[in-house]
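Peer 1: The following block contains the structure, expressed as structure tokens.
Each reported figure results from applying straightforward, stated rules to the coordinates on display, with no laboratory input. As the structure is a computational prediction, the values presented were derived from the model and not from experiment. Positions of Cβ are generated from backbone atoms using ideal geometry, with glycine treated the same way; all protein chains shown enter the neighbour counts.
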Amino acid sequence: MKNLFKKIYLRRKHFIKFSLSSFTAFLVDYSIYSLILAIGTEHVNFLSLTFANVAARIISSTLNFNINRKLVFKSRKNVWESAVEYFSLAAAILFGNSLVLNFFANVLDINHYFAKILTEIIFFLFNFTIQSFVIFRNKKQ
């Protein structure tokens, strides 16, 4: 029973740290996304939206990987194994994220800045679960 409470405490602690890390990465991601769209195109379309999203995601996910590995989960797992798993997850999320973002912005005609925020919220909990229980898990937790 004591072990169960310890696991619950650690997950909550990790969730708070993960939320702060994710918010930091989101600020970087959203800033780069907004900057690319603001200076790079007169009319936002599928290609410009996808390019801005991918470029921003590459930079923010690199930052996020390092913060999560070192500060949030304090993973002792092999860095290369974690990196392959993390960036595989990041690629899958980027694919889904781009589809949802384009659906919101181009099909539902939601403002592309607001669509980005909605999309990030949708993928947040999924991302935490996979990173916490798979990518940065420590064997003895």
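Peer 1: State, as an integer percentage, the relative contact order of the chain based on alpha-carbon contacts under 8 Å between residues 6 or more apart.
Peer 2: Reported relative contact order: 29 percent.
Peer 1: Here is a further query. Quick one: if the Förster radius is 35 Å, what FRET efficiency do VAL84 and PHE124 give, using the C-beta to C-beta distance and rounding to 0.05?
Peer 2: Efficiency at R0 = 35 Å is approximately 0.95.
Peer 1: Just in segment 47-141: which trypsin sites (Lys or Arg not before Pro) are loop by DSSP and have at most 16 other Cβ atoms within 10 Å?
Peer 2: LYS74, ARG76, LYS77, ARG137, LYS139, LYS140
Peer 1: Taking the number of other C-beta atoms within 10 Å as the exposure measure, put THR62, THR119 in order starting with the fewest.
Peer 2: By the 10 Å Cβ count, ascending, the order reads THR62, THR119.
Peer 1: Right, here's the next one. What ratio of Cα Rg to 2.2 N^0.38 Å holds for the chain?
Peer 2: Cα Rg divided by the expected 2.2 N^0.38 Å: 1.14.
Peer 1: What list do you get for GLU81, GLU42, GLU120 if you sort them by fewest beta carbons within 10 Å?
Peer 2: In increasing order of surrounding Cβ atoms, one gets GLU42, GLU81, GLU120.
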